[in-house]
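Asks: Please find one structure pasted underneath; my questions will follow.
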Amino acid sequence: MAIDVTGQDLDALAARVRAWLEDNLPPHWRRAALDGDRHALARIARDETTVRAWHAELGRSGLATPTWPAEHGGLGLAADAAAVVGDELARLSAGRPESDFVGVALAGPTIIEWGTAEQRDRFLRPLALGEHRWCQLFSEPGAGSDLASLATRAERVVPGGVGGRPLTGRPTGDGNWVVDGQKVWSSFSDSADFGLLMARTDPSLPKRRGITYFLLDMRSPGVEVRPLRQLNGHAEFGEVFLDGVVVPDSDRLGPEGSGWAVALTTLMQERSGLSGRPGVGPGRADRIAKRARRTGAWEDPVLRDEVMRAFVAERALQMATVRAFAALGRGEPGAEGSIRKLAYAQLDTSLGLLETKAEPGGAIAWGAIAGDGAASENAEPDAAAASEAFLSSKIYSIAGGTSEIQRNIIGERVLGLPRDKDPYADLPFSERPRG
Ligand SMILES: Cc1cc2nc3c(=O)[nH]c(=O)nc-3n(C[C@H](O)[C@H](O)[C@H](O)COP(=O)(O)OP(=O)(O)OC[C@H]3O[C@@H](n4cnc5c(N)ncnc54)[C@H](O)[C@@H]3O)c2cc1C
């Protein structure tokens, strides 16, 4: 049953959520989080039955998706109140995991904004309850920063077929779509049930105008996922090959040819969501300081100075996020989300390096987390986590749009500087020079 949070101010809301978590989160989970026991938390994360049951409970309470409307499993909270909920969940490592970011933070709001009643009914409730995993199928080998250059093709099935090509054994159906192409860097695509797919439906139009957005069933025949191993040892993203994949027209999100506008909803949510903790209080810099005092690294005045700088940057970003969410209310995030995304990427890079500097052995614990990317049971958990943080510290300067692209957005859309000119802006996509 949904938790009742009507008419509460932010402090009362935090207290209400804390009390609910005290009553409902399994006690061993709560203990592990309060003790900061990384091994115990990793064991809980691997216990699928417990995690699944908890996500269903969280979904029923509305706390997993606090900004969503009540009829779709949310609490209808404004962004600042939702940030308070997120902060309470994060304190106990009880929120939805990073692998659900695409589903909860991107797919949900985009479907709420653009979906038909049928699509909202079909997708939102299972998402809130943690029953469906989602991935984002935007980037391609030739389209990352310049996403509008994507070449994955979706063609409508007309009586008689698709471009004269037979699709043996696949029920097509007039009006449906057949998709061919390749996506890359698609996080958690190997475990996803559905994908947010952008595909070109009309190459005779300029590049942003001929794109359509689909909700792809990842189990459809013709979808092949090949995981890619990353520097940090994980293989959480992959290449996705689409070979004659039939997508029903009922899984098109938004009007045909409006995929760019739909994608902007997703991208704004992504930038705003990739800016760290939505609350003010102890963060990673505080943890590094504590750890450095234990290891003796704190004796180094240069390290102390670096930690203090990171501490100030982290608190400033937390406050900026809280302020941005308060100003946002129930509206959609705008281009200013790029400022926080850029600051977060810079902070994450410096914190990753600092974590290893606080360890007596620097980053040489790497061997302990190689292989499947998970820290081994007998690895020194803080040292292994520090190595992993260092090896992952460039992620946010690339994922969700690179830092250079955020700077372009800030320059053009926040500061009003002249736009980067595209000499081919009005050319049909099919006539644009390649490369
Ligand atoms: C951990 C991780 C997870 C990801 N997950 C997903 C996912 O789930 N789904 C998905 O679709 N994508 C995902 N991506 C892909 C990500 O969105 C792209 O990598 C990113 O947009 C950059 O595109 P690119 O790699 O093609 O680099 P390019 O666009 O080729 O850029 C190369 C370099 O050129 C610079 N550059 C390019 N254009 C400009 C310009 N106009 N001005 C200034 N500099 C410029 C870039 O900043 C960069 O340094 C993920 C990436 C990472 C690292």
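The values are calculated or read from the model by the stated rules, or taken from the named source; none is laboratory data. This structure is a prediction, so every number in the text was calculated from the model and none was measured. All Cβ positions, glycine included, derive from the backbone under ideal geometry; neighbour counts span all protein chains shown. Heads up: the accessible areas ignore ligands, DNA and RNA and are worked out on the full protein's heavy atoms, side chains in. Shrake-Rupley method; radii C 1.70, N 1.55, O 1.52, S 1.80 Å.
Asks: Which angle from 0 to 90°, rounded to the nearest 10, does the C-alpha axis of helix 381-391 make with the longest principal axis of the chain?
Replies: Approximately 40 degrees, to the nearest 10.
Asks: While we're on this one: Rolling a 1.4 angstrom probe over the protein chains, ignoring ligands and nucleic acids, what is the accessible area of SER338 in square angstrom, nearest 10?
Replies: Estimated to the nearest 10 Å², SER338 gives 0 Å².
Asks: Starting from the range 71-148, pick out the chymotrypsin sites (Phe, Trp or Tyr not before Pro) whose DSSP state is loop and whose Cβ has at most 11 other Cβ atoms within 10 Å.
Replies: Passing sites in the range 71-148 do not exist.
Asks: Also, quick follow-up: Under 10 Å from the Cβ of GLU88, count the other residues' Cβ atoms, weight Lys and Arg +1, Asp and Glu -1, and hand me the total.
Replies: +2
Asks: A follow-up question, please. Taking a temperature of 25 °C and a viscosity of 0.890 mPa s, what whole-number D in µm²/s does Stokes-Einstein yield for the range 10-96 with Rh from Kirkwood over alpha carbon pairs? All intermediate terms of the calculation are to be shown ahead of the outcome.
Replies: Values: Rh = 13.2 Å.
Estimated via Stokes-Einstein, D reaches 185 µm²/s.
Asks: Measuring from a point 7 Å past the Cα of SER258 along Cα-to-C-beta, which residues in the range 105-128 have an amide N at less than 20 Å?
Replies: Only 106-124 pass the distance filter.
Asks: In Å², what does the accessible area per residue of the chain work out to with a 1.4 Å probe? Before the final figure, lay out the partial values.
Replies: Numbers: 20460 Å² over 435 residues.
Using a 1.4 Å probe on heavy atoms only, each residue of the chain averages 47 Å².
Asks: What ratio of Cα Rg to 2.2 N^0.38 Å holds for the range 134-258?
Replies: Ratio of Cα Rg to 2.2 N^0.38 Å: 1.04.
Asks: So what does the Cα-only Debye profile of the chain read at q = 0.09, 0.11 Å⁻¹, as log10 I(q)/I(0), no solvent term?
Replies: Taking Cα atoms of the chain as identical point scatterers yields -0.62, -0.93.
Asks: Now for a separate question. Dipole of the chain, Cα-centred, from +1 at each Lys and Arg C-beta and -1 at each Asp and Glu C-beta, to the nearest 20 debye?
Replies: 520
Asks: Subtracting the Cα-Cα distance from 0.36 nm times the residue separation, let me have the gained length for MET319 to GLN8 in nm, one decimal.
Replies: My answer for the length gained is 109.8 nm.
Asks: From largest accessible area down, sort ASP87, ASP146, ASP4; use a 1.4 Å probe on the protein chains.
Replies: From most accessible down to least: ASP4, ASP146, ASP87.
Asks: Just to confirm the number: angle between the C-alpha axis of helix 79-91 and the first principal axis of the chain, 0 to 90 degrees, nearest 10?
Replies: Tilt relative to the chain: about 60 degrees.
Asks: Share of the chain's accessible area from carbon and sulfur, percent, 1.4 Å? Write out the running numbers ahead of the final one.
Replies: Numbers: 11180 of 20460 Å².
Roughly 55 percent of what the probe reaches on the chain is carbon or sulfur.
Asks: Using a 7 Å offset from the Cα along the Cα-to-Cβ direction at both THR50 and GLU299, what is the distance between the two label points in nm, to one decimal?
Replies: Here the answer is 3.9 nm between the modelled labels.
Asks: Also: Measure nothing but the geometry: give the 0 to 90° angle between the long axis through the Cα atoms of 337-357 and the longest principal axis through the Cα atoms of the chain, rounded to 10°.
Replies: Helix 337-357 sits at roughly 50 degrees to that axis.
Asks: Once you have the Cα-Cα distance between ALA40 and ALA90, take 0.36 nm times their residue separation minus that, and quote the gain in nm to one decimal.
Replies: So the chain would gain 16.4 nm between ALA40 and ALA90.
Asks: So how much slack lies between ARG156 and ARG18, counting 0.36 nm per residue of separation and subtracting their Cα-Cα distance, in nm?
Replies: Details: separation 138, 0.36 × 138 = 49.68 nm, distance 5.06 nm.
Residue separation times 0.36 nm, minus the Cα-Cα distance, leaves 44.6 nm.
Asks: So for the chain, if I pair up every lysine 8 or more residues apart or on another chain, how many of those pairs have alpha-carbons under 30 Å apart?
Replies: Lysine pair count for the chain: 15.
Asks: Give the residue list of trypsin sites (Lys or Arg not before Pro) in the range 311-344 that are DSSP loop and have at most 13 other beta-carbon atoms within 10 angstrom. List each step's numbers first, then the result.
Replies: On the way: sites: ARG315, ARG323, ARG330, ARG340, LYS341; in loops: ARG330.
Qualifying residues, ordered by number: ARG330.
Asks: Return the FRET efficiency for the residue pair ASP286, LEU415: r is the Cβ-Cβ distance, R0 is 41 Å, and the value is rounded to the nearest 0.05.
Replies: 0.80
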